[in-house]
């Protein structure tokens, strides 16, 4: 049946008794594809019936769905003409993105890869509709974890003052990536499990509607209840904000979904439909381990086991960081770790297991995480905020205003610096050097390997002010980690190879690339090429840099960041300040949003950053310099 679905029209044409079969086929396709490619399997398995029901009640793309994060957008893709081979190459080069993008389909009304954006965007779209005088429906599909995001509550506060018609679906599965935390989570659990609350609400509504003019009486009652102290029946939180509350609704019951969504479609006030779903439904392993299967690596579709790494594979940077932090925190009670709903993804699960009192999961609330860390630091603690590079963008003001300005000793550990290839532009960590390098009072560094990562963490916990350590996704280099970490001299680079013709200043994983490049240029061209592990972007080792610039004709910088404002820019600025005209060739990412792809290597090749491409660029620059020198002599 799924193969016959070319768009929402075919979904609407199905008889109600055919829907369970369609749901089953969708789940089988989701499991088949994500078991090979990886992806957000758990969230999507939970919203199969809900997404089918949305497409039967509403008319996409005229009616517009705004999916929060779009972790749960795979089913929507399958129902809007993006099945078959395109979907089977999910998260691979030339295949469907793992998120929603306006450029991929007219059915994707709004793109997102970060949580909490749906309600604000949908409210803007609904308000624009009102101003334009059209009548389409706007539906925001928000996970329960979105309500731990401050931006969602800001939008909720503005709904009734901005529009009279908006439909909000609260997809409540009790999980974000990890188990939901905080008061909002406890509130939703209470409202969804209180049979008395729900029965009284429904009975009172039925009582008023049984009278002539009962609909108007019920409307007056709802308004009165919002504006009083809930004398008879407690209002939901959402009714306090002016939204009509419907639910809870079984998110796997087609009939219940259809009735409530159709009712919401005809409401003349903003309405929230509270839908209860089971994350991972249809895959036992995903139900049993919802955090692991939120965003899974390729796995066995029968057992749910991940495909095992090759024997002797290097540990992931996140685990090296997490284990080191747990070790340091065990020896120093002042050290605490903070995550925004990602204990496993950041490696802080090691800290949570070892010293739980020094571990804090604040939910998807990066701004709060940074401010919370600042408050801890004022009391003599040494907070470590472990946040993906792309997610720290959300807390930029807090980094500047609340940490750096007050010169507080907070350590930011930025995982996924560089490419997150399968996830695409919303998750690539290609901007952090540029947006952090300009902030006063920050020390910014990147290790060449996992042993140096431990040294940098050890060093950062001894600095008087704030520091940033960035490192890539995935496995390290396999280098042995010392028994005792070394405190690094801040602002001092490491010369790995001497050279007299070209000196390559490289950062992070590009250090290995630089060493291979230097050896190749020496072997094939007879050039003397040196390599520097820069280590620190801020403060930059200006003394060493200027000594190289004074006697070496060509400097090359290599970084896993956009060129605009990045490490190479820091080198150029230092040379400019010293009035030094030395030639510099900068290697890094262009001023573009980089798409998703099957691998880091493939994406680098697409942007002229493959080893052969870099070799050609550096060699061509060297030859041009030599030609200019000869011409000048003549």
Estimated inter-spin distance, residue 525 and residue 334, nm [label 7 Å along Cα→Cβ]: 4.9 nm
Distance in nm between pseudo-label sites at residue 405 and residue 512 (7 Å out along the Cβ direction from Cα): 4.1 nm
Read-out Cα extents along the principal axes in Å, derived from the coordinates shown; its label in [x] 103, 59, 54; [y] 78, 67, 63; [z] 100, 57, 51: [z]
Packing-based ranking, highest mean first, of 118-129, 478-489, 67-78, 364-375 given that Cβ atoms within 10 Å are counted: 67-78, 364-375, 118-129, 478-489
Estimated 222 nm signal from helices in the chain, with DSSP H stretches of n ≥ 4 weighted -39500 (n - 2.57), rounded to 500: -12500 deg cm²/dmol
Peptides 317-326, 297-306, 88-97, 612-621 ordered by average Cβ neighbours within 10 Å, highest first: 317-326, 88-97, 612-621, 297-306
Estimated FRET transfer efficiency (residue 162, residue 237; beta-carbon r; R0 22 Å; 0.05): 0.75
Between helix 567-577 and the chain: long-axis angle, C-alpha atoms, 0 to 90°, nearest 10: 50 degrees
Two-site FRET efficiency, residue 462 against residue 601, from Cβ-Cβ distance with R₀ of 30 Å, rounded to 0.05: 0.20
Between helix 510-525 and the chain: long-axis angle, C-alpha atoms, 0 to 90°, nearest 10: 40 degrees
Additional length obtainable on full extension of the chain from residue 289 to residue 17, 0.36 nm per residue less Cα span: 94.8 nm
Computed label-point distance, nm, for sites residue 629 and residue 393 using a 7 Å Cα→Cβ extension: 4.2 nm
The stretch 32-68 versus the stretch 519-552: alpha-carbon centroid distance in Å: 51 Å
The chain: angle of helix 611-633 to the longest principal axis, Cα-based, in degrees nearest 10: 40 degrees
Whole-angstrom gap from the stretch 594-634 to the stretch 121-149, using each part's C-alpha centre: 46 Å
DSSP bridge pairs, the stretch 251-399: antiparallel proportion in percent, nearest 5: 10 percent
Length added when fully stretched, residue 579-residue 489, from 0.36 nm per residue minus Cα-Cα: 29.7 nm
R0 of 25 Å, Cβ-Cβ distance residue 10-residue 135: FRET efficiency to nearest 0.05: 0.50
Full-stretch length increase - residue 441, residue 591 - with 0.36 nm per residue and alpha-carbon distance subtracted: 51.3 nm
Cα centroid separation, the stretch 399-437 to the stretch 313-332 (Å): 20 Å
DSSP-defined antiparallel bridges as percent of all bridges, the chain, nearest 5: 15 percent
The stretch 317-470: antiparallel DSSP beta bridges as a percent of all, rounded to 5: 5 percent
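Here, each number is a calculation from the coordinates, and none is a lab measurement. Predicted model, so just to flag it, every value in this text is computed and none were measured. Here Cβ is always computed from backbone atoms with ideal geometry, including for glycine, and neighbour counts include all displayed protein chains.
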